[in-house]
Amino acid sequence: MTWAEWVDGESARIHAAGRWRQVRTWDLDRLVSFASNDYLGLSTHRALAAAACDAAERWGTGATASRLVVGSRPVHDELEAELAAWKGAEAALLFPTGYAANVGVLTTFGVEGARILSDELNHASIVDGARLARADVAVYRHLDLDHLALMLAPRSVVVTDTVFSMDGDVAPVDDLVALWKTRSKASRKPSLPARTTGQARAQLKSDRERERGDGKADLKWSGGRAGS
Ligand SMILES: Cc1ncc(COP(=O)(O)O)c(C=O)c1O
């Protein structure tokens, strides 16, 4: 089969399944988008735009290479220190996108011999991170702790979105952590809620309550664009 034949066949299959998607262009001066992750409208916030312009003037428009190769700028360290203080964490590490965070964290902890347990409705970037990891991967039914309990292994990494933004429901993070702890007493592998920072006031409040709770997860990270 040639590539052209494969492309024709694949396009026909996707169309027939009603799953053809196309990028559209919108003039956002003329409409309000409710589809974005920019819940707080920060992407167009004047102070942030001014700070971004200032930073570009001062530090340039890119990091020029990975931090391991060319090092950080002081602004990176300052931002990480502030984020860690805000989250009450020992330290913070910036990733450029939520996708990069999920792939980076899961490939780091999803080592050979471990098992990644992932909610079936997790974000696509978590699915990709799990696929790239060396660990064995198992998927549990959405928010189903009984199903998860059947799959927990001594060296498990449980990963879940905190807020499932497509369905609007929230993972029982405390219960997940408690379950993981009862089953993983012998080992100290982390349980990992991938979470979105600053989505909405109510969510923030419940996030903070969760963070204060006994069921504190061993590792947390936040995905999503600026403004989400
Ligand atoms: C849980 C989660 N992880 C990752 C992402 C992807 O983030 P980004 O678009 O910054 O790569 C999203 C975006 O909505 C998300 O909700």
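A few notes on this one:
- Test: residue in region 52-71 that is aromatic (Phe, Trp, Tyr), more than 30 Å from Asp161 (Cα to Cα) and free of Cβ contacts under 8 Å to residues at least 60 places away in the same chain: yes
- In region 128-162, the residue that is nearest to the chain's Cα centre (by Cα) out of those that are crowded, with 18+ Cβ neighbours inside 10 Å and within 12 Å of the ligand (Cβ to nearest atom) is Asp161.
- Any hit, region 156-167, residues being in contact with a Lys or Arg (Cβ under 7 Å, 6 or more places away or on another chain) and either in the same structural domain as Ser66 (by TED's automatic domain parsing) or over 27 Å from Phe34 (Cα atoms) (or both): yes
- Elements of type helices (runs of 4 or more DSSP H) in region 68-171, at least 1 residues being within 30 Å of Ala56 (Cα to Cα), polar (S, T, N, Q) and at pLDDT 95 or above: 98-109, 124-132
- Hey, Arg58 within 21 Å of Leu94 (Cα to Cα), modelled with pLDDT of 90 or more and within 25 Å of the chain's Cα centre (by Cα) or not: no
- Residue identified as among the small types (Gly, Ala, Ser) and closer than 22 Å to Val75 by Cβ among Ala47, Ala16: Ala47
- Selection within region 40-49 - under 28 Å from Arg24 (Cα atoms) and exposed (fewer than 11 other Cβ atoms within 10 Å of the Cβ): Gly41, Thr44, Arg46
- Screening Asn37 on (1) surrounded by 10 or more Cβ atoms within 10 Å (Cβ to Cβ); (2) part of a helix (DSSP H, G or I); (3) not aromatic (Phe, Trp, Tyr) shows it passes everything except condition (2).
The values are calculated or read from the model by the stated rules, or taken from the named source; none is laboratory data. Computed from a predicted model, the values in this text were never measured in an experiment. Every residue, glycine as well, gets a Cβ built from its backbone with ideal geometry; the counts of neighbours run over all protein chains shown.
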